[in-house]
Amino acid sequence: MADNIKLSVTLPTNPSRVYKAWLNSKEHSAFTKSEAKIKRNVGSKFTAGDGYIEGEIKQMILSKKIVMTWRTTDFPEGTEDSLLEVNLVGNDTSTKVILVHENLPEGDGKKYRKGWKDHYFLPMKEYFS
């Protein structure tokens, strides 16, 4: 059975700023401290983490939500992509980023939870401060 995780972080900036940065190659690379290639278009493919992560943007709701398929080079061959939902809730001065990550390979939820914290949340707090 696949693993599902949900985690969140609060950042000291508005949802529009986080949304735009997430969907911009230069800023995504800057806040994760690793190369990302991403476009703000539904159906576009992206990579992040110096090519470790890849997927496709499935849905965007301006400054509120990004839904994408997501997989890493660690996914076993033949494994379905996972689904990542990035929800942004906030005001002019803060944004709660809520990640709902579903269909991760069985037993890997703990690993990816740590990855989100170490490679996204911690550097994002620094970047947006």
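The values are calculated or read from the model by the stated rules, or taken from the named source; none is laboratory data. Model, not experiment: these values are computed from the prediction. Glycine gets a Cβ as well: all are built from the backbone with ideal geometry, and neighbour counts include every protein chain shown. Surface areas here come from the heavy atoms of the whole protein model, side chains and all, with no ligands, DNA or RNA. Shrake-Rupley method; radii C 1.70, N 1.55, O 1.52, S 1.80 Å.
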*Please calculate how many Å² of accessible area region 18-129 carries per residue, with a 1.4 Å probe and no DNA, RNA or ligand atoms counted.*
54
*Mind checking which lysines have their C-alpha under 23 Å from Lys45, skipping anything on the same chain fewer than 8 residues away?*
Lys20, Lys26, Lys33, Lys37, Lys58, Lys64, Lys65
*For the chain, what's the relative contact order in percent, using C-alpha pairs closer than 8 Å and at least 6 residues apart?*
33
*Accessible-area order (highest first, 1.4 angstrom probe) of the listed residues Arg40, Arg71*: Arg40, Arg71
*Would you indicate which of (1) 0.94; (2) 1.05; (3) 1.01 is the value of Rg/Rh (Cα atoms, Kirkwood Rh) derived from the coordinates of this structure?*
(1)
*Carbon and sulfur atoms: what percent of the 1.4 Å accessible area of region 1-114 do they account for?*
49
_Dipole in debye (nearest 20) - the chain, about Cα centre, beta carbon charges: Lys, Arg +1; Asp, Glu -1_ = 600
*Would you kindly state how much longer the chain becomes between Lys45 and Lys33 on full extension, computed as 0.36 nm times their sequence separation minus their alpha carbon distance, in nm to one decimal?*
2.3 nm
